[in-house]
Amino acid sequence: MNKLPFLLSIPHGGLRKPLELDGHLCITDRDLFDDSDPFVIEIYDLRDKVQSVIKTDVARTFVDLNRSLQQMPPDNPDGLIKSMTCYEKPIYIKGKEPDKFLRDSLIEFYYVPYHKAIQKSISELDLKLCIDCHSMASVAPGISPDGANKKRPLFCLSNQDGKTCSNEMIELLADCISHSYSIDRKEISINSPFLGGYITKTYGNNPLPWIQVEMNRSLYLSPPWFNQENLSVEKTHLENLKNQFENSLELFFSKIS
């Protein structure tokens, strides 16, 4: 089987705490879970079905690969190296926040290799589309662009208002997702509440089209699939979501090829 000519970027892929931060952290496991994109690797990682998958298991709470090098606290508390979670919960022991040396080390070990991998893939592979894969809370946290406590759609697709790919392309992907997941097309928004983050903005149409995909976590972090006590999700349900994502991309490719 030929691989689909897509690159999948999963920059918020896990819950891992970098060893470099041992002795610095006060964040609870629940607060880390709520601030992260849990289970997105299980949902989006199509492995050998696509040309390239670039992913990390380091939590966005500690190193956010979807931020620029200039997005740092205190100017941006939700930047590359954060000072608090998106729910305004503390991450670091007071007085143990990362200094410049530690921040630079985190960037060198985790941030730079990720972006080099993206650049290598787009320069060496024959790709038709790149997708930045994320999840979003079902209800917006306080620091979100849509404002606290606002209910969100089941999917949000972003292309920086037509700058990172054509509007026809993003609308087609929305239609394919609607069909594959058997959800109303009205439950898929375009550029609201998200326009597309740093990765999509930086690499979009430079030279390849990019789309940011945000899946609502209510599709899996809710009964009957989600166990609140141990923060686990039924594996079969995650596998079904991944199969539906694969079907979306296959349908999309069949319509553009």
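Would you mind stating whether Ser105 is assigned to a strand (DSSP E or B) and either over 19 Å from Leu21 (Cβ atoms) or at pLDDT 95 or above (or both)? Steps first, please.
Details: assigned to a strand (DSSP E or B): no; either over 19 Å from Leu21 (Cβ atoms) or at pLDDT 95 or above (or both): yes.
Answer is no for this residue.
Scanning for something in contact with a Ser or Thr (Cβ under 8 Å, 6 or more places away or on another chain), crowded, with 17+ Cβ neighbours inside 10 Å, at pLDDT 95 or above and among the hydroxyl-bearing types (Ser, Thr, Tyr), does the stretch 211-230 turn up at least one residue?
no
Being in a helix (DSSP H, G or I) and without any contact (Cβ under 8 Å) to a residue 40 or more places away in the chain is the filter; apply it to the stretch 173-193 and report the residue that is surrounded by the fewest Cβ atoms within 10 Å (Cβ to Cβ).
Lys186
Testing Asn206 on (1) touching a residue at least 40 places away in the same chain (Cβ under 8 Å); (2) over 15 Å from the mean Cα position of the chain (by Cα); (3) under 21 Å from Pro5 (Cα atoms), one condition comes back false. Which one is that?
Every condition holds for Asn206 apart from (1).
Which of the following residues is of a type in the set (Ser, Thr, Tyr) and at pLDDT below 95: Ser144, Ser158, Ser189, Ser178?
Numbers: Ser158 fails: at pLDDT below 95; Ser189 fails: at pLDDT below 95; Ser178 fails: at pLDDT below 95.
Ser144 is the lone residue from the list that is of a type in the set (Ser, Thr, Tyr) and at pLDDT below 95.
Looking only at the stretch 56-99, which residues are surrounded by 19 or more Cβ atoms within 10 Å (Cβ to Cβ), touching a Gly at 6+ places or on another chain (Cβ under 8 Å) and of a type in the set (D, E, K, R)?
Answer for the stretch 56-99, where residues must be surrounded by 19 or more Cβ atoms within 10 Å (Cβ to Cβ), touching a Gly at 6+ places or on another chain (Cβ under 8 Å) and of a type in the set (D, E, K, R): Asp64, Arg67.
Please determine whether any residue of the stretch 210-217 is touching a residue at least 60 places away in the same chain (Cβ under 8 Å), in contact with a Gly (Cβ under 7 Å, 6 or more places away or on another chain) and over 14 Å from Tyr44 (Cα atoms).
Within the stretch 210-217, the subset touching a residue at least 60 places away in the same chain (Cβ under 8 Å) is 210-217.
Still in the list and also in contact with a Gly (Cβ under 7 Å, 6 or more places away or on another chain): 210, 212.
Within this subset, residues satisfying the condition of being over 14 Å from Tyr44 (Cα atoms) are 210.
Yes, that holds for at least one residue.
Yes or no: Lys242 crowded, with 16+ Cβ neighbours inside 10 Å, in contact with a strand residue (DSSP E or B) (Cβ under 9 Å, 6 or more places away or on another chain) and basic (Lys, Arg)?
Values: crowded, with 16+ Cβ neighbours inside 10 Å: yes; in contact with a strand residue (DSSP E or B) (Cβ under 9 Å, 6 or more places away or on another chain): no; basic (Lys, Arg): yes.
Judged against the criteria, Lys242 is not a match.
How do the pairs read when you match residues in the stretch 86-110 that are in contact (Cβ under 8 Å) with a residue 24 or more places away in the chain and farther than 14 Å from Pro73 by Cα with residues anywhere that are among the aromatic types (Phe, Trp, Tyr) and surrounded by 12 or more Cβ atoms within 10 Å (Cβ to Cβ), using Cβ under 8 Å and keeping only pairs 6 or more apart or on different chains?
Leu106/Phe62
Got at least one residue in the stretch 110-124 being at pLDDT below 95, under 20 Å from the mean Cα position of the chain (by Cα) and farther than 26 Å from Ser248 by Cβ? Steps first, please.
First, the residues of the stretch 110-124 that are at pLDDT below 95: none.
No, that holds for no residue.
If only one of Ile170, Ile143 is among the aliphatic types (A, V, I, L, M) and surrounded by fewer than 18 Cβ atoms within 10 Å (Cβ to Cβ), which one is it? Show your work before the answer.
Details: Ile170 fails: surrounded by fewer than 18 Cβ atoms within 10 Å (Cβ to Cβ).
Among Ile170, Ile143, only Ile143 is among the aliphatic types (A, V, I, L, M) and surrounded by fewer than 18 Cβ atoms within 10 Å (Cβ to Cβ).
Taking the criterion of being in contact (Cβ under 8 Å) with a residue 40 or more places away in the chain, touching a Pro at 6+ places or on another chain (Cβ under 8 Å) and part of a loop (DSSP other than H, G, I, E, B), would at least one residue in the stretch 127-134 satisfy it?
yes
When you scan the stretch 138-170, how many residues do you find that are of a type in the set (Gly, Ala, Ser) and touching a Lys or Arg at 6+ places or on another chain (Cβ under 7 Å)? Before you say what the answer is, go through the steps one by one.
Narrowing the stretch 138-170 to residues of a type in the set (Gly, Ala, Ser): 138, 140, 142, 144, 147-148, 158, 162, 166.
In the following step, the residues that additionally are touching a Lys or Arg at 6+ places or on another chain (Cβ under 7 Å) were identified as 138, 140.
Total meeting the criteria: 2.
Tell me which residues, restricted to the stretch 69-102, are assigned to a loop (DSSP other than H, G, I, E, B), in contact with a His (Cβ under 9 Å, 6 or more places away or on another chain) and not aliphatic (A, V, I, L, M).
Quick first cut of the stretch 69-102, residues assigned to a loop (DSSP other than H, G, I, E, B) only: 69-83, 85-89, 91, 93-99.
Remaining after also requiring in contact with a His (Cβ under 9 Å, 6 or more places away or on another chain): 91, 93, 96-98.
Matches in the stretch 69-102: Lys96, Glu97, Pro98.
The values are calculated or read from the model by the stated rules, or taken from the named source; none is laboratory data. Being a predicted model, the structure only gives us computed values, none of them experimental. All Cβ positions, glycine included, derive from the backbone under ideal geometry; neighbour counts span all protein chains shown.
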